[in-house]
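Participant: Once you've had a glance at the structure underneath, I'll fire off some questions.
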Amino acid sequence: MRRALSTPLRSPRSASATVQGIRRYASSSDVLANAVRAEAPRYDWTKEEISSIYHTPLMQLVYESATVHRKFHDPSAVQMCTLMNIKTGGCSENCSYCAQSSRHSTGLKATKLSTVDSVLEAARIAKENGSSRFCMGAAWRDMRGRKSNLKNIVEMVKGVRAMGMEACVTLGMLDGAQAKQLADAGLTAYNHNLDTSREHYPSVITSRTYDERLQTIEHVRDAGINVCTGGILGLGEKHEDRIGLIYEVATMPKHPESFPVNTLVAIKGTPLEGTKAVEFDSVVRTIATARLVLPGTIIRLAAGRITMTEEKQAMCFLAGANAIFTGEKMLTTDCSGWDEDKALFQKWGLKPMETEVVVEEEAWIEEGERRVSSG
Ligand code: SF4
C-alpha cells in the first residue's frame, strides 16, 4: 500500500525509547513555550533549560526567537555603531584570538593613545554617516597607572555624548573608582566580553581569570553604566560552551544591555591562525537562543560580519540580532562600510535604530521648537 504523503513514518525505536523521547521533547517544548510567552526577562535560567532551547530544530528556533524579538523590539530597527581603536597593540594579555597582544607576532605596530581631537573628529564622521553609538577600544590589560590616559578618555566620552551619541569604551579591567569616573563623564556602556564559557576560557586566555572578568563587569554595573558583554564564536568551543556563555550572562542580577556576537577572524601570527570558521548554523542558534533568554538585550552582530553574505546577515536579524558595527574599520579588522550597510537596510526593509539618546535629543529639539513657536 502506498503511504499517504502526510502519514508519519513509524519510529524504528522501541516503545519505551519513544515514550522517553516524547517526555523529553514535551519538557523541552515547555521551556521554549514559556520563553516565548514571557512578558519580562527572567534571571534564574538553568543550563539544561538554555541547552534545550539551543537544541530546538533550527527553523522552529528562529521562528520562536523572531516572535520574541517582535514582542520586545521593533524588528526593523538595527542600531548602527562605529568602533574606533584609540590605542592599538602592545597589550600584555595573551588572548589567543587577538592581533593586539604583544605575546603574538602579528606585525601590528603599537601606538599611543589617540588625541581627543582626532577621536572626536572620527565620532563626528560616524554620526554624519548615521551611527548612533560610538565605541572606543584601547588595547590595555587594565587601567592601573593610566591616570592621564583616563583623563583624556573622559574628555572623549564627554565629547561624544555632547554630539548626542551613545558612548561605549573598552579599556580592559577597571576598578570601582575608575568605573565611577567614566560614569560621571556620562559613559553609556562599557564593553568587557566574557568571550566563551567558564570551562573553555582557560583554553583561550591564561593571563587573567573568568572571575576577574566578572569583577570588572560588577564594577561597571555598580557605577550605573550599561554593560556590553558577549562572546566570540569559533574559538574551538563546543555547543556546551556557547550555552555556557549565554547561561553566564542570563543569570547575572541584571542582564547586560548589550550582547555582542563575534565570529573569529583568524589572524595570521595568533595561536588561532588557520582555525576553521564556525558553522553558520551555530551562529544562528547562539543569536536565537540569546534572544529568547535575554529578551530585552540588544544583540550586536560584531566582528566577522564582513565574511557573511547579505542573506546570512538577514537570517541573523530575523533570529534577533539588532545592532551592527559599521564604518571603515572594526579595531584591527575590516568592517562593512556605511554605504554598503545603508543599501543592505534598504533592500531588506531595515532602518537605523533610534537610540534613547537620539529620541531624547529629538524630544528636546521638539520641545525647544514648540517653545519658540509659542513665543
Ligand atoms: S585584552 Fe583585549 S587587546 Fe589585550 S590581548 Fe586581549 S583582546 Fe587583545
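Participant: Kindly provide the helix-only [θ] at 222 nm of the chain, computed as the sum of -39,500 (n - 2.57) over DSSP H runs of four or more divided by all residues, to the nearest 500 deg cm²/dmol?
Facilitator: -14000 deg cm²/dmol
Participant: Along the charge dipole of the chain, Cβ charges K/R +1 and D/E -1, which of Asn85, Tyr43, Gly234 sits furthest on the positive end?
Facilitator: Selected residue: Gly234.
Participant: In debye, nearest 20, what is the charge dipole magnitude of the chain about its Cα centre with +1 on Lys and Arg Cβ and -1 on Asp and Glu Cβ, if you could check?
Facilitator: Using only the charged Cβ atoms, the result is roughly 940 debye.
Participant: Rank-order 340-350, 88-98, 196-206, 37-47 by packing density, defined as the average count of other C-beta atoms within 10 Å over each peptide's residues, highest first.
Facilitator: For the peptides 340-350, 88-98, 196-206, 37-47, the packing ranking is 88-98, 196-206, 340-350, 37-47.
Participant: Still on this model: What lysines sit close enough to Lys47 to cross-link, taking a C-alpha to C-alpha distance under 22 Å and skipping anything fewer than 8 places away on the same chain?
Facilitator: Straight-line reach from Lys47, under 22 Å: Lys238, Lys254.
Participant: By its C-alpha gyration tensor, with a ≥ b ≥ c as the square roots of the eigenvalues, how is the stretch 72-349 shaped: rounded for a/c under 1.5, else prolate for a/b larger than b/c, else oblate?
Facilitator: Rounded is the answer for the stretch 72-349, as its axis ratio a/c remains below 1.5.
Participant: How large is the charge dipole for the stretch 45-107, taken about the Cα centre, if only the Cβ atoms of Lys, Arg (+1) and Asp, Glu (-1) carry charge, to the nearest 20 debye?
Facilitator: The dipole of the stretch 45-107 has a size of about 220 debye.
Participant: Using +1 at the Cβ of each Lys and Arg and -1 at the Cβ of each Asp and Glu in the stretch 228-329, identify which of Met308, Ala323, Gly269 lies farthest towards the dipole's positive end.
Facilitator: Ala323
Participant: Okay, next question. Please list, or write none, the lysines whose alpha carbon is within less than 29 Å of the alpha carbon of Lys112, excluding same-chain residues fewer than 8 places away.
Facilitator: Correct list for Lys112: Lys87, Lys127, Lys147, Lys151, Lys158, Lys180, Lys268, Lys329.
Participant: Right, another one. Between the stretch 289-324 and the stretch 89-128, how far is it from one alpha carbon centroid to the other, in angstrom?
Facilitator: 25
Participant: What aspartates and glutamates could a cross-link reach from Lys276, if we take a straight Cα to Cα line under 16 Å and drop same-chain neighbours fewer than 8 places away?
Facilitator: In chain and number order, the partners are Glu237.
Participant: Taking the Cα atoms only, what angle lies between the long axis of helix 147-162 and the longest principal axis of the chain, rounded to 10 degrees?
Facilitator: Approximately 80 degrees, to the nearest ten.
Participant: Quick one: helix 210-222 against the long Cα principal axis of the chain, what's the angle to the nearest 10°, folded into 0 to 90?
Facilitator: 60
Participant: Label points 7 Å out from Cα along the Cβ direction at Ala343 and Ala40: separation in nm?
Facilitator: The two pseudo-label positions are separated by 4.6 nm.
Participant: Here's another thing I want to ask about it. Taking the Cα atoms only, what angle lies between the long axis of helix 356-373 and the longest principal axis of the chain, rounded to 10 degrees?
Facilitator: 60
Read the figures in this text as sums done on the coordinates, not as results from a lab. None of these values were measured; they are calculated from a predicted model. For neighbour counting, all protein chains shown are included, and Cβ atoms are generated from backbone atoms with ideal geometry for every residue, glycine included.
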